[in-house]
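See below for the structure under consideration.
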Amino acid sequence: MSSTQVLKSRIRSVKNTKQITKAMQMVAASKMRRVQESTKASAPYTDVASEILTYLASQGVTRQHKFFDVRPIKNRLLIVIASDKGLAGAYNSNVVKAYTNVLLEDDKAKINNETIAIGRKANQFVTRLKDTKIIGVYEGIPDQPSGRELRAILDTARNKFVNEEVDAVDVIYTKFISGMRQEVDVKRVLPAGFDEMEVGTMIREAVYEPDLESVLDGVVYRLIGAQIFQAFLDSKASELSMRMVAMKNATDNASDLVEDLTLEMNKARQGAITQELAEISGGVEALKD
């Protein structure tokens, strides 16, 4: 049985750790709420862009357009979104697993791929892989980027696809569904696609200048950017949510460990007192003899 001094030291250490994990839990919860608000705020923009794109497609403008060029996939660009920090449960490992599965599928299909890594954890994993071509690494992007931080990624994806250096661009990210549910998803952003949806009267009656083709260029570019931006926000919300849960579990485990150590310390103290009483009683009996 450990001595009371050792147990006291362990209890003090666990309590200090508990304070840290509790603080990290609260910080993650606060940041998550702000990122969730940003995610909801950007949704209307994406919806309007999709609505305009649906209308333009109905006018036949998307035919033979460079952003909609579907061709056999021989080369693919993968944009992997992970975090800069750890202590977020299975967040990074789930992304890495999905990325690895995509690489294996491409290898079987004889598809070459290039990677853009967003987040320090993604960079650390990708750089350790053999025969993996990295064309960009982005770390330290703010939780709520202005969009300027992601423009370089968007321009790289667009230029490579238009110049036929790659035949598809996929984003591997964690989709935020709720505070307790997040799923890794592989989303194709190029060639561009859109969901059929009802087009409002304002979109149908709008005047498009200088012409529909020019408007389509801008709409598709912004829609692709919005999809990448949304994927980043979803990933960030998922990261913070999983970190909050992980830190809550760590805090709860620390509380349980403190209780167990306190019980063990009390038992050790009681045993020491009992032993001292037994020694005193033995000494008294020895004096009587």
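The values are calculated or read from the model by the stated rules, or taken from the named source; none is laboratory data. None of these values were measured; they are calculated from a predicted model. Every residue, glycine as well, gets a Cβ built from its backbone with ideal geometry; the counts of neighbours run over all protein chains shown.
Summary table below
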item: Extreme residue, nearest to I153 (Cα to Cα), among residues of region 96-113 that are in a helix (DSSP H, G or I) and touching a strand residue (DSSP E or B) at 6+ places or on another chain (Cβ under 6 Å); result: Y99
item: Residue in region 212-221 that is out of contact with any strand residue (DSSP E or B) (no Cβ under 9 Å at 6 or more places or on another chain), modelled with pLDDT under 75 and exposed (fewer than 11 other Cβ atoms within 10 Å of the Cβ) present; result: no
item: Lone qualifier among T17, T46, T54, T62 - being among the hydroxyl-bearing types (S, T, Y) and out of contact with any helix residue (DSSP H, G or I) (no Cβ under 6 Å at 6 or more places or on another chain); result: T54
item: Members of region 127-155 found to be within 22 Å of L233 (Cβ to Cβ) and free of Cβ contacts under 8 Å to residues at least 60 places away in the same chain, listed by number; result: G136, V137, Y138, E139, G140, P142, S146, R148, E149, A152, D155
item: Residue list for region 75-115, filter: of a type in the set (V, I, T) and under 30 Å from M26 (Cβ atoms); result: V80, I81, V95, V96
item: Condition check for Q64: surrounded by fewer than 16 Cβ atoms within 10 Å (Cβ to Cβ), under 25 Å from S214 (Cα atoms) and out of contact with any Leu (no Cβ under 8 Å at 6 or more places or on another chain); result: yes
item: Unique match (being closer than 29 Å to E139 by Cα, in a loop (DSSP other than H, G, I, E, B) and modelled with pLDDT of 85 or more) among S93, S83; result: S83
item: Cβ-Cβ under 8 Å pairs, at least 6 apart or on other chains, region 59-70 side under 11 Å from F161 (Cβ atoms), far side polar (S, T, N, Q); result: F68/T62
item: Candidate set from region 231-273 (those that are of a type in the set (K, R) and crowded, with 17+ Cβ neighbours inside 10 Å); member that is nearest to I11 (Cα to Cα); result: K248
item: Matching residues in region 82-107 - criterion: being among the hydrophobic types (A, V, I, L, M, F, W, C), farther than 18 Å from K248 by Cβ and out of contact with any Phe, Trp or Tyr (no Cβ under 8 Å at 6 or more places or on another chain); result: A98, V102, L103, L104
item: Test for I116: is it in a loop (DSSP other than H, G, I, E, B), among the β-branched types (V, I, T) and surrounded by 12 or more Cβ atoms within 10 Å (Cβ to Cβ); result: no
item: Qualifying residues in region 140-152 (those that are loosely packed, with under 14 Cβ neighbours inside 10 Å and modelled with pLDDT of 85 or more) - the one nearest to V171 (Cα to Cα); result: A152
item: Pair list, Cβ < 6 Å and 6+ apart or interchain, from region 200-229 residues that are under 20 Å from K40 (Cβ atoms) to residues that are at pLDDT 75 or above and not in a helix (DSSP H, G or I); result: Q227/V189
